[in-house]
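Working notes for the structure below.
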Amino acid sequence: MQLSEIYNQVGPWLDPKGPRSEVVITSRIRLARNIVGFTFLSQASAAQQNELLQFVHEKIMETELRDGIWFVNMEDISPLERQMLTERHLISKQLAEEEGPRGVMLMQDESLAMMVNEEDHLRIQAMSSGLQLQRLYERISRVDDLLESRMEFAFSPQYGYLTACPTNVGTGIRVSVMLHLPALKMTGQMEKVFRAARDLHVAVRGFYGEGSEPIGDLFQISNQTTLGKTEEGIIEELIRQAIEPVIEYELRARKKILEERLPALDDKIYRALGVLDNARLISSEETMYLLSYLRLGVHMERIKTISLETINRLFFFTQPGHLQHLNRKKLDTQQRDQARADFIRRELHASRN
């Protein structure tokens, strides 16, 4: 199995038909785990890290996961391939950029990824389209149990799972959803979301998670604390107190725009389409911004000639790493901007024919 099998497809977790997909792009759950008998990574030597990498690989391949998963050693792939895995949200920037023994175990459908030697010994991640956190938790919990039957995780009866970052101690769980919130942005109500998030101790981050800025009106909402709570309680609380209210805010804002600001809405949507249809140079950031309005136009039935599948494909393959992979060569900034514009025009034309 080759990584190109992943690179040449749109991630199934971007299926536009997922539950609540008019607002929720993806759901993700991640578990942080460390293994008894191995030094925490901040103090581990390269030899210890390599021993851990081999140990985790071997133990995972002893489970029933072995038939659908394969191992990628970060030291064996190019910087471009690392960038593409980051763009697909399969690994973190930290895993992509740091040196030393580290790797990731991947399912071909991208629904499961397990990073080894990132911040913790092991980070297990499950992803799906739309709002499917309960289903994801059932799956990742089964995977966690499988792995714990082969290795002993660092656990305190008092504090729970022990992790490198104190904010992850307890369940070690991070629950997040990626939301598309263009109407709240248009109506100047995003500050309301940020205030509510602060009051609820929920994090609101950009497209690439921690430390990233919002791009294309895409925001990630996730829990900040794990200590003293159950996994099920964290998920239920996040959905009830944060995710569902934000979805309703966005849908009400869309309805209000349709009723009171339709010319302004159509202007933004069709200006975006006009630029994407005709640009000869376009940056990654501008592309995401314009695709956001295009996606809104499709969901609000203002545009009926372009599919959500086409928009998702453009979201994926206009990112710098994927764009260079498509062109089979390294491109500087201007070359990427030209190649991106050419690709967008071709895809939009093909989608109408």
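The values are calculated or read from the model by the stated rules, or taken from the named source; none is laboratory data. As the structure is a computational prediction, the values presented were derived from the model and not from experiment. Cβ coordinates were reconstructed from backbone atoms using ideal geometry, including for glycine residues, and neighbour counts include every protein chain displayed.
Worth pointing out:
- Criterion violated by Gln224 - all others in (1) in contact with a His (Cβ under 6 Å, 6 or more places away or on another chain); (2) farther than 23 Å from Ser92 by Cα satisfied: (2)
- Any hit, the range 8-18, residues being touching a Ser or Thr at 6+ places or on another chain (Cβ under 6 Å) and of a type in the set (S, T, N, Q): no
- Which numbered condition Phe194 fails, given (1) crowded, with 21+ Cβ neighbours inside 10 Å; (2) more than 30 Å from Thr63 (Cβ to Cβ): (1)
- Helices (runs of 4 or more DSSP H) within the range 281-353 that include 2 or more residues among the charged types (D, E, K, R) and either surrounded by 21 or more Cβ atoms within 10 Å (Cβ to Cβ) or outside the structural domain of Ile269 (by TED's automatic domain parsing) (or both): 333-351
- Taking the range 52-66 as the range and being more than 19 Å from Asp144 (Cβ to Cβ) and surrounded by fewer than 21 Cβ atoms within 10 Å (Cβ to Cβ) as the test, only Gln54 passes.
- Some residue of the range 74-86 being buried (at least 16 other Cβ atoms within 10 Å of the Cβ) and among the charged types (D, E, K, R): yes
- Qualifying residue in the range 233-245 (condition: touching a Gly at 6+ places or on another chain (Cβ under 8 Å), buried (at least 17 other Cβ atoms within 10 Å of the Cβ) and not β-branched (Val, Ile, Thr)): no
- Qualifying residue in the range 152-171 (condition: in a loop (DSSP other than H, G, I, E, B), surrounded by fewer than 21 Cβ atoms within 10 Å (Cβ to Cβ), modelled with pLDDT of 95 or more and of a type in the set (D, E, K, R)): yes
- Of all residues assigned to the range 5-28, none qualifies as being free of Cβ contacts under 8 Å to residues at least 40 places away in the same chain and of a type in the set (D, E, K, R).
- The single residue among Gln83, Gln48 that is of a type outside the set (D, E, K, R) and either in contact (Cβ under 8 Å) with a residue 40 or more places away in the chain or part of a loop (DSSP other than H, G, I, E, B) (or both) turns out to be Gln83.
- The set of residues in the range 13-37 that are surrounded by 15 or more Cβ atoms within 10 Å (Cβ to Cβ) and not hydrophobic (A, V, I, L, M, F, W, C) comprises Asp15, Pro16, Gly18, Arg20, Ser21, Glu22, Thr26, Ser27, Arg28, Arg30, Arg33, Asn34.
Residue-by-condition table, conditions (1) in contact with a Pro (Cβ under 6 Å, 6 or more places away or on another chain); (2) in contact (Cβ under 8 Å) with a residue 60 or more places away in the chain; (3) assigned to a loop (DSSP other than H, G, I, E, B); (4) buried (at least 23 other Cβ atoms within 10 Å of the Cβ):
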residue	(1), (2), (3), (4)
Glu99	no, no, yes, no
Val104	no, no, no, yes
Met115	no, no, no, yes
Asp120	no, yes, yes, yes
Met127	no, yes, no, yes
Gln134	no, yes, no, no
Arg139	no, no, no, no
Asp144	no, yes, no, no
Leu147	no, yes, no, no
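- Unmet criterion (only one of (1) farther than 27 Å from Gln224 by Cβ; (2) part of a loop (DSSP other than H, G, I, E, B); (3) touching a Phe, Trp or Tyr at 6+ places or on another chain (Cβ under 9 Å)) for Lys17: (3)
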